[in-house]
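Taking it in order: structure first as structure tokens, then the write-up.
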Amino acid sequence: MRIGVPRETRIMEGRVALVPAAAGDLVRRGHEVWVERGAGLASGFDDAQYERLGVRIAGDAAEAYARGELIVKVKEPVEGDLALLRPGHLLFCYLHLAPDPPLARRLLEIGLTAVAFETVELDDGTLPLLAPMSVIAGRIAVQVGTHYLHQPLGGKGVLLGGLPATPRGKVVVLGAGQAGGAAASLAAAGGARVVVFEKRGDRLDAMTRLGHNVTALYPYEDQVAREVAEADLVVGAVLVTGAVAPRVVSREMVRGMEPGSVMVDIAIDQGGCFETSRPTTWQEPVFVEEGVAHFCVTNMPGAVPRTASQAISAAILPWVDRLASGDWRGDAALVRGLNVERGELRHPALQSLKL
């Protein structure tokens, strides 16, 4: 099959879906891979590295889309991409359609077939293509939160790890999946007092074992409100596969926090789990609401494109090969990942979407 890999066009998005080594493996398996000129540069991969492995270079986005039958990219298509997609395309990327009805409507109008990374689901409920970017986002959340707690940036001036004769900073993490677990782990390693909220018993146990400075709790609403009010940094990492994220922190809870505190909403790709959240970009990543800084960038891993591209390529390569083989409908995980097909919404979480 012919595989097209266009350059990412979202603001300050440096990732590429397939690094040269991954694209080269697909060529060796008999596929024809076309990568748009310069698509890998921001991730540290030049066109020559692709060409040495038998990958073909498309002169521009139009050629990459025209050559490809299977289009593999990282982030959901934006306006320029949508103009180049056609009914015969099989699109494989992150989509996050539940909070974005206009994008869902456009894909339905085009009539293509689209499988979303974030909804490819194994029999045990694992989301293998969401996991690596979730881990990166969780780590970035703590790094960013630490940064925006600095007083010159408007923060309350707290060092999360504390020092002798000073209290440790407090981090509250909502959700203990891949993203929340990574955030809690990094915050705990840095010496902060960490409170993690999670419903699943096995994840509560895993969080408790991160260290004596970690407390894992069930998310009763009153308890969430109390802990959030005392937090220096709150990280939202709540996920319902394919669906809009539940709002677990109300505006009233945010209003109860100290001015200069920081909130990072990793769930913003699925609509956000704070009532006060709204999407931002790396150009203007932060806004202040109720005296609290909100970081709600929708492509957090895009800040570390070299690492993120290597991680996502390794995760998606076997699935790209299956899609390109033509018999992918026998793979239950990929079928679960199907979002739209021939003008219809296919994923159960999207059935109630108002278009």
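Just so it is clear, none of the values below were taken in a lab; they were calculated from the coordinates. All values reported here derive from a predicted model rather than from experimental measurement. Cβ: placed from backbone, ideal geometry, glycine included. Neighbour counts: every protein chain shown.
Size of the dipole of the chain about the Cα centre, Lys and Arg at +1 and Asp and Glu at -1 on the beta carbon, nothing else charged, in debye to 20?
Numbers: 36 positive and 41 negative charges, 58 e Å.
Computed charge dipole of the chain: roughly 280 debye.
If contacts are Cα pairs under 8 angstrom and at least 6 residues apart, what is the relative contact order of the stretch 131-302 in percent? Each step should come with its number before you reach the end.
Numbers: 395 pairs, mean separation 35.4, N = 172.
Rounded, it is 21 percent for the stretch 131-302.
In terms of the ratio Rg/(2.2 N^0.38 Å) built on C-alpha atoms, what value belongs to the stretch 183-239? Before the final figure, lay out each step's value.
Numbers: Rg = 10.7 Å, N = 57, 2.2 N^0.38 = 10.2 Å.
Taking N as the residue count of the stretch 183-239, the ratio is 1.05.
Please compute, over every Cα-Cα pair in the stretch 131-302, the percentage with a separation greater than 20 angstrom. Don't skip to the end; give the middle numbers.
Values: 6422 of 14706 pairs.
Above the 20 Å cut-off, the stretch 131-302 has 44 percent of its Cα pairs.
Under 25 Å Cα-Cα from Lys170, which lysines qualify once same-chain neighbours fewer than 8 residues away are excluded?
List returned: Lys156, Lys199.
Residues of the stretch 312-337 with the amide nitrogen closer than 19 Å to a label point 7 Å from the Cα of Asp202, along Cα-to-Cβ, please.
Only 333 fall inside the zone, counting backbone N under 19 Å.
Where nothing but the Cβ of Lys and Arg (+1) and of Asp and Glu (-1) is charged, how large is the charge dipole of the stretch 110-238 around its Cα centre, in debye to the nearest 20? Show your work: numbers first, answer last.
Working: 10 positive and 12 negative charges, 114 e Å.
Around 540 debye, computed over the stretch 110-238.
Quick one: order Val248, Val172 by neighbouring beta-carbon count within 10 Å, fewest to most.
Values: Val248 19, Val172 28.
Starting with the residue having the fewest Cβ neighbours, the order is Val248, Val172.
Note down the net charge around His96, summing +1 for each Lys or Arg and -1 for each Asp or Glu among other residues with Cβ under 10 Å from its Cβ.
Numbers: positive: Lys75; negative: Glu76, Asp100, Glu118, Asp269.
Computed value for this residue: -3.
Which of the lysines could a cross-linker span from Lys75 if the Cα-Cα distance has to be under 28 Å and same-chain partners fewer than 8 positions apart are dropped?
By straight Cα distance, Lys75 reaches Lys354.
How large is ³J(HN,Hα) for each residue in the stretch 8-23, as worked out from phi by the Karplus curve 6.51 cos²θ - 1.76 cosθ + 1.60 (θ = phi - 60°), to whole Hz, x for Gly and Pro?
These are the phi-based 3J(HN,Hα) values: 6, 10, 5, 4, 6, 9, x, 6, 10, 5, 10, 6, x, 4, 5, 4 Hz.
Can you give the direction-averaged projected area of the convex hull of the alpha-carbon atoms in the chain, in nm²?
Hull-based average projected area comes out at 17.7 nm².
For the stretch 1-109, what D do you get in µm² per second when you plug the Kirkwood radius from alpha-carbon pairs into Stokes-Einstein at 20 °C and 1.002 mPa s? Write out the running numbers ahead of the final one.
Values: Rh = 13.9 Å.
Approximately 154 µm²/s, per Stokes-Einstein.
Just want the answer: with Cβ charges of +1 for Lys and Arg and -1 for Asp and Glu, which residue in Leu70, Leu85, Ala192 is farthest toward the dipole's positive end in the chain?
Sorting the options by dipole projection puts first Ala192.
With N denoting the number of residues in the stretch 247-313, provide Rg(C-alpha) divided by 2.2 N^0.38 Å, to two decimal places. Don't jump to the answer; show the numbers that get you there.
Working: Rg = 13.3 Å, N = 67, 2.2 N^0.38 = 10.9 Å.
That ratio works out to 1.22.
Relative contact order, percent, of the chain when contacts are C-alpha pairs under 8 Å separated by at least 6 residues? Don't skip to the end; give the middle numbers.
Working: 813 pairs, mean separation 70.8, N = 355.
20 percent.
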